[in-house]
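Quick notes on the structure that follows.
The values are calculated or read from the model by the stated rules, or taken from the named source; none is laboratory data. Bear in mind the structure is a predicted one, so any value in this text is a computation, not a measurement. Every residue, glycine among them, receives a Cβ derived from its backbone with ideal geometry; neighbour counts consider all protein chains shown. Calculation scope for accessible area: heavy atoms of the full protein, side chains included, ligands and nucleic acids excluded. Shrake-Rupley method; radii C 1.70, N 1.55, O 1.52, S 1.80 Å.
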Amino acid sequence: MDKLTVYIIEDDPMVLEVNKGFLQRLDGFKLVGEAAEGKPAIEDIHKLQPDLILLDMYLPDMSGLELLRELRLENISSDVIMITAARDAVTIREALRFGAVDYLVKPFRFERFQEALQKFSKNYWKFNTIDKLKQEDIDLWIGSAEKISALPKGLNEFTLEQIFVGLKNEEHPLTAEQLAQKVGMARVTVRKYLDYLSVNGKVHIELQYGNIGRPTRYYSIKH
């Protein structure tokens, strides 16, 4: 199986080297180009047609959103994962609206980077090797088909979706701490969202009792 080609757009040299180092640790990917500004990146992308673009939001000559819009207007088929410090809901919503397949907030752990690229690879090959997909395959690509609205104050829809999809991708129940390590978030944050999902009937909680102390809570998606 050929390696997926990756192009990185990042203006911070240190962050660029970190992302390149993370990418080198993963099998199945090949870096074919890099740029610190948007305009030369677009020229390169036209020539190279990479499978995946890792895109920063803050560039010297244009924003990542502007670049993403330009790619879509020019019918560039490369998929995009945003890697940025931008955390406001409007920016995230616009990036997803223009087709970003994932959104990583700096700083993040290697495990979260790995999860994003492995999920992309799995779905990429599935979409390019079979003619018809099952509903669960489609759901994995676009995220959960079940949206939860009217969130309580202090809860964020994007974070909720990350946690829900992270748990959905696991074959076995996880503790809040285990899931927190996989999605690159604080255990307290993940526990809060998991408890909300359980109250809404989306997540099942199983208590496992040890010899002493409180029982351990294991979470899984309700089917």
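Annotations for the structure displayed:
- Screening ASP88, ASP61 for residues that are farther than 25 Å from ASN156 by Cα, among the acidic types (Asp, Glu) and surrounded by fewer than 17 Cβ atoms within 10 Å (Cβ to Cβ) leaves exactly one candidate, ASP61.
- Answer residue from segment 5-46, given it is touching a Lys or Arg at 6+ places or on another chain (Cβ under 8 Å) and outside any loop (DSSP other than H, G, I, E, B) and is most open to solvent (accessible area, probe 1.4 Å) among those: LYS30
- Residue pairs whose Cβ atoms lie under 7 Å apart, separated by 6 or more positions or on different chains, with the first residue in segment 1-28 and touching a residue at least 12 places away in the same chain (Cβ under 8 Å) and the second assigned to a helix (DSSP H, G or I) and polar (S, T, N, Q), are LEU4/SER121; ILE8/ASN19; GLU10/ASN19; LEU26/GLN114; GLY28/SER121.
- First in segment 49-60 and outside any strand (DSSP E or B), second anywhere and open to solvent by 20 Å² or more (accessible area, probe 1.4 Å) and among the acidic types (Asp, Glu), Cβ under 7 Å, 6 or more apart: ASP51/ASP79; ASP56/ASP11; LEU59/ASP11; LEU59/GLU37; PRO60/ASP11; PRO60/GLU37
- Criterion violated by ASP56 - all others in (1) more than 22 Å from LYS106 (Cβ to Cβ); (2) touching a Ser or Thr at 6+ places or on another chain (Cβ under 6 Å); (3) acidic (Asp, Glu) satisfied: (1)
- Within segment 185-223, restricting attention to residues that are in contact with a helix residue (DSSP H, G or I) (Cβ under 6 Å, 6 or more places away or on another chain) and more than 16 Å from THR159 (Cβ to Cβ), the residue that is least open to solvent (accessible area, probe 1.4 Å) is ILE221.
- Of all residues in segment 173-184, those that are modelled with pLDDT of 90 or more and open to solvent by 40 Å² or more (accessible area, probe 1.4 Å) total 4.
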